[in-house]
Amino acid sequence: MQKIWLLSSFVLMIISSSNQVNQIHAQGIERQAKYSHISLEEQNSTIDKLNSDDKVVQSETAKLILERPNLYIPPVLYDLSNYLYSIDRKREAAIWFYTAQLRARYDANRCNDQTAAQAVAVLNQHYGPQINKYGFADITNLEFIVYEAIDYVSENLEEYDHQWINLHGMGAFVNEDQELSKPESEWELIKSKTVADYLEGFKEAMNSMKN
């Protein structure tokens with residue numbers, strides 16, 4: 001499996017345009033018929049509610065997500081992180097940001113279309129700056145946060161449709177015969193390697209900052 005995640009992802013502080021993030025959440029894209037069964041309507045509705053002008057709707061939506069976070073695709077967890085940060089639950093926001101980041105990488109790694117990984121970069125660029133600013137202000141706290149996120153991903157099964165990532169690669173628009181995702185028999189190994197690579201990258205980042 002190609003290792004596509006670099007050390008720089010942990011310190012990425014570039015803000016992407018809102019149009020790019022809207023594309024991550026978009027439903028109305030023209031894609032091949034083989035992608036038609038992948039529906040993000042409910043997930044996108046949850047994101048809309050998290051961004052509602054109604055604070056009660058926002059709060060209730062966040063509460064629902066936190067009750068069963070494994071049901072939600074990484075973009076929802078990224079947005080949950082953003083909401084929690086906005087109400088000054090910053091440590092909790094950071095945990096869900098890094099959880100979303102790691103799960104998004106896992107989903108990208110089990111997708112056959114490598115161009116789909118661009119979605120992860122866009123999400124990190126959009127949601128990462130405030131979290132990284134908070135996290136890197138206290139390295140010891142950041143280590144606890146990232147390890148907590150890694151443990152959560154390692155110990156929990158994903159209950160959402162991982163194929164959300166497939167909609168954001170070139171394969172969704174061009175005529176390709178390949179399967180959308182790698183065989184399920186490979187997922188356990190892909191996940192363990194994704195987690196190991198993520199942990200290795202984080203340790204390298206911490207060592208470079210401490211030395």
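Can you confirm whether region 22-40 contains a residue that is crowded, with 20+ Cβ neighbours inside 10 Å, over 21 Å from Glu143 (Cα atoms), at pLDDT below 90 and not aliphatic (A, V, I, L, M)? For region 22-40, residues crowded, with 20+ Cβ neighbours inside 10 Å, over 21 Å from Glu143 (Cα atoms), at pLDDT below 90 and not aliphatic (A, V, I, L, M): absent.
From the list Leu50, Leu123, Leu71, Leu102, which one is hydrophobic (A, V, I, L, M, F, W, C) and without any contact (Cβ under 8 Å) to a residue 60 or more places away in the chain? Steps first, please.
Numbers: Leu123 fails: without any contact (Cβ under 8 Å) to a residue 60 or more places away in the chain; Leu71 fails: without any contact (Cβ under 8 Å) to a residue 60 or more places away in the chain; Leu102 fails: without any contact (Cβ under 8 Å) to a residue 60 or more places away in the chain.
Checking each option against the conditions leaves just Leu50.
When you look at Tyr72, is it within 13 Å of the chain's Cα centre (by Cα) and hydroxyl-bearing (Ser, Thr, Tyr), yes or no? Judged against the criteria, Tyr72 is a match.
When Lys203, Lys182 are checked against the criterion of being surrounded by 12 or more Cβ atoms within 10 Å (Cβ to Cβ), among the basic types (Lys, Arg) and in contact with a helix residue (DSSP H, G or I) (Cβ under 7 Å, 6 or more places away or on another chain), Lys182 stands alone in meeting it.
The values are calculated or read from the model by the stated rules, or taken from the named source; none is laboratory data. These numbers come from a predicted model, not from an experiment. With ideal geometry, Cβ positions are generated from the backbone for all residues, glycine too; neighbour counts draw on all protein chains shown.
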